[in-house]
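Undergrad: Take a look at the following structure, please.
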Amino acid sequence: MTTTIKRIGILTGGGDCPGLNAAIRGIGKAAMFQNGIDVVGIRDGYQGLIENRVQKLGNKELSGILTRGGTILGTSNRCAPDRYYSGDDKAGNPTFVNAVDRCMATIEEHGIDVLFVIGGDGTFSCTKPLVEAGLKCIGIPKTIDNDIYGTELTIGFTSALRIGTMALDRLHSTGDSHHRVMICELMGRNAGWLTLSSGLASGSDVILIPEIPFEIDKICEFVEARRSGDSGFSIIACAEGARTKDGSQVISSIDPTSPDPIRLGGIAAQVAFEIEQKTNIETRTTTLGHIQRGGEPSATDRVLATTFAAEAVELAIKGKFNQMVVINEGHIRSQDILDAAHKQRLVSPDHRIINAAKAVRTCFGD
Ligand code: F6P
């Protein structure tokens, strides 16, 4: 199929994850080699689009990056085109300006016919004012949280799952030796996918996720029974967004300049404190933090990113703009990019992974 597209741009937005470079490479190479299209990259997400920071991407830049973590383009989760931080006012409060025109000026100056946006719900939400201003874009879903509405898998998830599983595996031997309760806090925002899957893969005894509020007494009963039984120790996989039945989530910080200002963190320490108080069992916590987002992508992420990239370029060539690629039951399809905006795909409490975990006597504290 011939195309009128002469040049495309690629942007990575939101938190980084393994597999972004595989996607950049996949889009760039399919555009250049299969379709003779020029490729440029936007630096640091929407910030670079606003500030006109654009670089050429050729075979040299796109080679040797398939296995590299992070993003060669840089990214930002603190910047939206219609809410660009422009400094603090006299009272010290952040002020913002609408920078959609500046984004469109960058697009025009560099002759970008289609912008490929690799991001999550926040990044896709940000395309709305740009699409309304005339931008043509294609979305590719990425996040270690795996919570993008419309797709059952996102780039980055299986890489982070591997790290979560490895960490929980390692806590077994030390927990066993000291007869302790070991709690590991994992990322994921308001979605429990990463903790649920890492917990199941590592045979964790207790899994705490935001979608299933827990009661501390149920967890205490469970770890006490294990302590007095054959096992002696317990491993708890705890999502950063986990919450008690009557409580709210634990917030570690608030970044007022970010479109999604709340950063979760600290629930594991709270749970550990209560377990020790109520049971007298020695309890230790490990917070994985950004280790989960670092390092090289899993083989699955490399395949997923390259497949999404090829399909995304196909969509552009067919003139199907403002769509994002998704995967469901092994089939790659597309949906309106704004379908994923301001929504999250959460774990349903009767999901087959929850049922499987319950079948092997995993406690969810409910
Ligand atoms: O959305 C990805 C994610 O890693 C979440 O799991 C986590 O809550 C958040 O980003 C952390 O954000 P930051 O990198 O700004 O600390």
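Undergrad: Considering Cα pairs under 8 angstrom that are at least six residues apart, work out the relative contact order of the chain and quote it in whole percent.
TA: Reported relative contact order: 22 percent.
Undergrad: What length, rounded to one decimal in nm, is gained on full extension from ARG170 through to HIS290, with 0.36 nm per residue of separation minus their alpha-carbon distance?
TA: 41.4 nm
Undergrad: Can you run phi through the Karplus equation (6.51, -1.76, 1.60; θ = phi - 60°) for region 231-244 and list ³J(HN,Hα) in whole Hz, with x for Gly and Pro?
TA: Each residue of region 231-244 in turn: 6, x, 10, 9, 10, 10, 9, 10, 6, 4, x, 4, 9, 7 Hz.
Undergrad: Another question, if that's okay. May I ask you to evaluate 6.51 cos²θ - 1.76 cosθ + 1.60, the Karplus curve with θ = phi - 60°, for each residue of region 16-33 and list the ³J(HN,Hα) values in order in whole Hz, giving x for glycine and proline?
TA: Using θ = phi - 60°, the values come out as 6, 6, x, x, 5, 5, 4, 5, 4, 4, x, 5, x, 5, 5, 5, 6, 7 Hz.
Undergrad: Excluding ligands and nucleic acids, what accessible area in Å² is computed for GLU329 using a 1.4 Å probe, to the nearest 10?
TA: Per-residue accessible area (GLU329): approximately 150 Å².
Undergrad: So how far, in whole Å, is the C-alpha centre of region 153-230 from the one of region 295-325?
TA: The distance from the Cα centre of region 153-230 to that of region 295-325 comes to 32 Å.
Undergrad: Using a cut-off of 28 Å between alpha-carbon atoms, which lysines can reach LYS278, once sequence neighbours fewer than 8 places away in the same chain are excluded?
TA: LYS218, LYS245, LYS358
Undergrad: Here's something else I'd like to know. List every residue whose amide H lies under 5 Å from the amide H of CYS363, counting only residues 5 or more places away in sequence or on a different chain, with H placed 1.01 Å from N in the peptide plane.
TA: Excluding prolines and chain starts, which carry no amide H, the hits are VAL206, ILE207.
Undergrad: Continuing with this model, one more query. Could you tell me how many cubic angstrom of Cα convex hull volume region 224-366 has per residue? Before the final figure, lay out the partial values.
TA: Numbers: hull volume 27.4 nm³, N = 143.
That works out to 192 Å³ per residue.
Undergrad: Of LYS29/LYS343; LYS29/LYS60; LYS29/LYS128; LYS60/LYS128; LYS56/LYS128; LYS29/LYS136, which sit over 22 Å apart, Cα to Cα? Don't jump to the answer; show the numbers that get you there.
TA: Values: LYS29/LYS343 31 Å; LYS29/LYS60 11 Å; LYS29/LYS128 27 Å; LYS60/LYS128 33 Å; LYS56/LYS128 26 Å; LYS29/LYS136 20 Å.
Listed pairs above 22 Å: LYS29/LYS343; LYS29/LYS128; LYS60/LYS128; LYS56/LYS128.
Undergrad: State the extension gain, in nm to one decimal, for the chain segment bounded by MET1 and ALA91, taking 0.36 nm per residue of separation less the distance between their alpha-carbons.
TA: Stretched out fully, the MET1 to ALA91 stretch lengthens by 26.7 nm.
Undergrad: Follow-up question, since we're still on this one. Which residues' amide hydrogens lie under 5 Å from the amide hydrogen of THR244, considering only partners 5 or more residues apart or on another chain, with H built in the peptide plane?
TA: Residues meeting the amide H criterion: PHE214.
Undergrad: What list of ³J(HN,Hα) values in whole Hz, one per residue of region 138-144 in order, does the Karplus curve 6.51 cos²θ - 1.76 cosθ + 1.60 (θ = phi - 60°) give from phi, with Gly and Pro shown as x?
TA: My calculation for region 138-144 gives 9, x, 10, x, 9, 3, 5 Hz in order.
Undergrad: If the convex hull of the alpha-carbon atoms of region 197-288 is projected onto planes in all directions, what is the mean projected area in square nanometres? If you can, show how the numbers build up before the last one.
TA: Numbers: hull surface 26.9 nm².
That works out to 6.7 nm², a quarter of the Cα hull's surface.
Undergrad: Please determine, in degrees from 0 to 90 and to the nearest 10, the orientation of helix 216-228 with respect to the longest principal axis defined by the Cα atoms of the chain, where the helix direction is its Cα long axis.
TA: 60
Undergrad: For region 29-111, what does the alpha-carbon gyration tensor say about shape, rounded, prolate or oblate, given a ≥ b ≥ c as the root eigenvalues, a/c under 1.5 as rounded, and a/b over b/c as prolate? All intermediate terms of the calculation are to be shown ahead of the outcome.
TA: Details: a/c = 4.02, a/b = 1.93, b/c = 2.08.
Verdict is oblate for region 29-111.
Undergrad: Please list, in chain and number order, the residues 5+ apart from SER231 or on another chain whose amide H is under 5 Å from its amide H, with Hs placed from the backbone.
TA: Here nothing satisfies the definition.
The values are calculated or read from the model by the stated rules, or taken from the named source; none is laboratory data. Remember, predicted model here, so these are calculated numbers, not experimental data. These accessible areas exclude ligands, DNA and RNA; they are computed on the full protein's heavy atoms, side chains included. Shrake-Rupley method; radii C 1.70, N 1.55, O 1.52, S 1.80 Å.
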